[in-house]
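Chemist: My questions all concern the structure below.
The values are calculated or read from the model by the stated rules, or taken from the named source; none is laboratory data. Predicted, not measured: the structure shown is a model, and the values here were computed from it. When we count neighbours, we look across all protein chains shown, and the Cβ atoms used for this are built from the backbone with ideal geometry, even at glycine.
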Amino acid sequence: MSAIRIAARVTRIKPSPSSSASDRANALKREGKAIINLVVGEPDFATPPEICEAACAAIRNGETRYTQNNGTPALREAIAAKFLRENHLTVKPEDIIVTNGAKSAIFNALAATLEVGDEVLIPAPYWVSYPDMVLACDGRPVVITCQEEAGFRLTAEQLRASITSRCRWLILNSPSNPSGASYSRAELRALADVLLDYPHLAIMTDDIYEHLRYDDSPNVHLLEVEPRLADRTLVVNGVSKTYAMTGWRIGYATGPKVLITAMGTLQSQSTSNASSVSQAAALAALNSGTGFITHSREVYRQRRDDIAARLNAVPGLSCRVPEGAFYLYVNCGGLLGKTTAQGQVLKNDSEVVLWLLESAGVAVVAGAAYGLSPYFRLSIATDLATLQAGAAQIANAVSQLK
Ligand code: PMP
């Protein structure tokens, strides 16, 4: 018998499929193949220099020690100001927790609340980590399939039909990774009306892509639409995507005091505070104005329009133009049943993705990973010339299918 026995909470989960897809692409690259990697889920921009400079200054000033477990007072004040300025939410700094990326805010909230068998409602296509985090915390992910015809959005009817007495959370991610779907005020109102009928259900809004929206309509938060949900809503956000700061690992959350306190207790006995230097950088980011956000959004918008048009011109592929985030969720249903040059009949999106990697030299992630097939996710967080080359290689490979 081995001394190391891996616990069920870990054996029931799997590593992120986007990392595995990237690993496969990198392995082919090492073999000398030219692979265009469109898997990445992070901005291709560098962190703006003034944010980096704030981190350097923090190091020079000796801000190199433990901070308060829930984050520095200065950063929590800046986050409270951000919630008021951008989301019209009034939040006290003491009801905010700074975490090691938004990911750890979500994980700690689930770990702090789920008992064995508790259900978590997850609209699909979903960010790959939600179901596995729920499983790791002994919960049961309940996937609600959101159809392309509904803009990949959860409808009020679907929500109502999915709620049981075991449901503890609904996770709402707008704009969504991977579909880019974003909810309008009216859609949030309809969801809120259902939620008001089920007071035992808590809501987690993952707003990490809130600034990457392309339709120029004002950004609306569920709590702005329905403040009565505030006593059971956890608002999760972070600086990773908005300010090109994925490596700095700063997320944050606000919600009911009892939950923020429990998350703080868990954090204090696991990771402790997020990096002091990164917190100083995040403070500078939140105070940096809108210049970088406006610029990067415009660049993503151009890429989205250009690449969506190119893919929509490929017979067998179709791609809804997403309202937000930096991914295209491409319907590849038209390729299923076709035969490759090697004589393989493509049966599902996982096979399409492997074939694209081998035949087109383009790495993307199968829709199966996000709970909705037949699709693949293509990241546009790469320069336009590379994206155009990738789209051309995909078009060329598809033209050779029989
Ligand atoms: N939520 C969603 C929907 C994401 O796509 C990601 C990053 N891939 C995160 C949360 C995690 O962000 P962070 O880097 O702040 O942990």
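Here is a yes/no grid of residues against (1) away from the ligand (no atom under 16 Å from the Cβ); (2) over 15 Å from the mean Cα position of the chain (by Cα); (3) free of Cβ contacts under 8 Å to residues at least 40 places away in the same chain; (4) closer than 17 Å to I163 by Cβ:
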{"position": "E187", "(1), (2), (3), (4)": "yes, yes, yes, no"}
{"position": "D193", "(1), (2), (3), (4)": "yes, yes, yes, yes"}
{"position": "P218", "(1), (2), (3), (4)": "yes, yes, yes, no"}
{"position": "E224", "(1), (2), (3), (4)": "yes, yes, no, no"}
{"position": "R232", "(1), (2), (3), (4)": "yes, yes, yes, yes"}
{"position": "V236", "(1), (2), (3), (4)": "no, no, no, no"}
{"position": "A244", "(1), (2), (3), (4)": "no, no, no, no"}
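Chemist: Would you mind stating whether Y243 is in contact with a strand residue (DSSP E or B) (Cβ under 7 Å, 6 or more places away or on another chain), part of a loop (DSSP other than H, G, I, E, B), surrounded by 18 or more Cβ atoms within 10 Å (Cβ to Cβ) and not small (G, A, S)?
Modeler: no
Chemist: Taking S359, is it surrounded by fewer than 21 Cβ atoms within 10 Å (Cβ to Cβ) and under 30 Å from N61 (Cβ atoms)?
Modeler: Taking the combined requirement at face value, the residue does not satisfy it.
Chemist: State the number of residues belonging to the stretch 47-104 that are within 16 Å of the ligand (Cβ to nearest atom) and closer than 20 Å to T271 by Cβ.
Modeler: Counting residues in the stretch 47-104 that are within 16 Å of the ligand (Cβ to nearest atom) and closer than 20 Å to T271 by Cβ gives 12.
Chemist: Sticking with this structure for a sec: Is one or more of the residues making up the stretch 105-118 more than 16 Å from the ligand (Cβ to nearest atom) and at pLDDT below 95?
Modeler: Within the stretch 105-118, one or more residues are more than 16 Å from the ligand (Cβ to nearest atom) and at pLDDT below 95.
Chemist: Considering the stretch 195-216 alone, what residues qualify as being charged (D, E, K, R) and either touching a Phe, Trp or Tyr at 6+ places or on another chain (Cβ under 7 Å) or within 13 Å of the ligand (Cβ to nearest atom) (or both)?
Modeler: Matches in the stretch 195-216: D206, D207, E210.
Chemist: When you go through V299, V314 one by one, which is the residue that is surrounded by 17 or more Cβ atoms within 10 Å (Cβ to Cβ), assigned to a loop (DSSP other than H, G, I, E, B) and away from the ligand (no atom under 16 Å from the Cβ)?
Modeler: Answer to the selection: V314.
Chemist: A further question follows. Scanning the stretch 12-64 for residues that are β-branched (V, I, T) and surrounded by 14 or more Cβ atoms within 10 Å (Cβ to Cβ), which turns out nearest to A281 (Cα to Cα)?
Modeler: I51
Chemist: A further question on this structure: Taking only the stretch 103-146 into account, find how many residues are over 16 Å from S176 (Cβ atoms), among the small types (G, A, S) and in contact with a strand residue (DSSP E or B) (Cβ under 8 Å, 6 or more places away or on another chain).
Modeler: The qualifying residues number 5.
Chemist: Same structure, new question: Kindly indicate whether any position in the stretch 351-360 is in a loop (DSSP other than H, G, I, E, B) and not assigned by TED's automatic domain parsing to the domain that holds S129.
Modeler: no
Chemist: Specify the residue that is farthest from V321 (Cα to Cα); the eligible residues are those in the stretch 145-166 that are within 16 Å of the ligand (Cβ to nearest atom) and not charged (D, E, K, R).
Modeler: Selected residue: L154.
Chemist: Further question: Among what's in the stretch 202-216 and is acidic (D, E) and over 30 Å from C167 (Cβ atoms), pick the residue that is modelled with the highest pLDDT.
Modeler: D215
Chemist: Just checking, does the stretch 383-394 include any residue being modelled with pLDDT of 95 or more, among the acidic types (D, E), touching a Ser or Thr at 6+ places or on another chain (Cβ under 6 Å) and not assigned by TED's automatic domain parsing to the domain that holds S182?
Modeler: No, the stretch 383-394 contains no residue that is modelled with pLDDT of 95 or more, among the acidic types (D, E), touching a Ser or Thr at 6+ places or on another chain (Cβ under 6 Å) and not assigned by TED's automatic domain parsing to the domain that holds S182.
Chemist: Let me ask another. Quick test of your reading of the structure: K33 fulfils all but one of (1) in contact with a Gly (Cβ under 7 Å, 6 or more places away or on another chain); (2) assigned by TED's automatic domain parsing to the domain that holds R166. Name the failing condition by number.
Modeler: (2)
Chemist: Report yes if L286 is in contact (Cβ under 8 Å) with a residue 24 or more places away in the chain and in contact with a Cys (Cβ under 6 Å, 6 or more places away or on another chain), otherwise no.
Modeler: No: the conditions fail for L286.
Chemist: In addition: Within the stretch 112-129, identify whether any single residue is under 18 Å from A262 (Cα atoms) and touching a residue at least 60 places away in the same chain (Cβ under 8 Å), and answer yes or no.
Modeler: yes
Chemist: I've got another one for you. Check whether at least one residue in the stretch 200-212 is part of a helix (DSSP H, G or I) and either buried (at least 23 other Cβ atoms within 10 Å of the Cβ) or under 16 Å from the mean Cα position of the chain (by Cα) (or both), and report yes or no.
Modeler: no
Chemist: Which of the numbered conditions does K103 fail, given that it passes all the others? Conditions: (1) among the basic types (K, R); (2) touching a Ser or Thr at 6+ places or on another chain (Cβ under 7 Å); (3) farther than 30 Å from A369 by Cβ.
Modeler: The one condition K103 does not meet is (3).
Chemist: Can I ask one more? Which one of these is surrounded by fewer than 20 Cβ atoms within 10 Å (Cβ to Cβ), within 16 Å of the ligand (Cβ to nearest atom) and over 18 Å from I163 (Cα atoms): D138, D132?
Modeler: When all the criteria are applied, what remains is D132.
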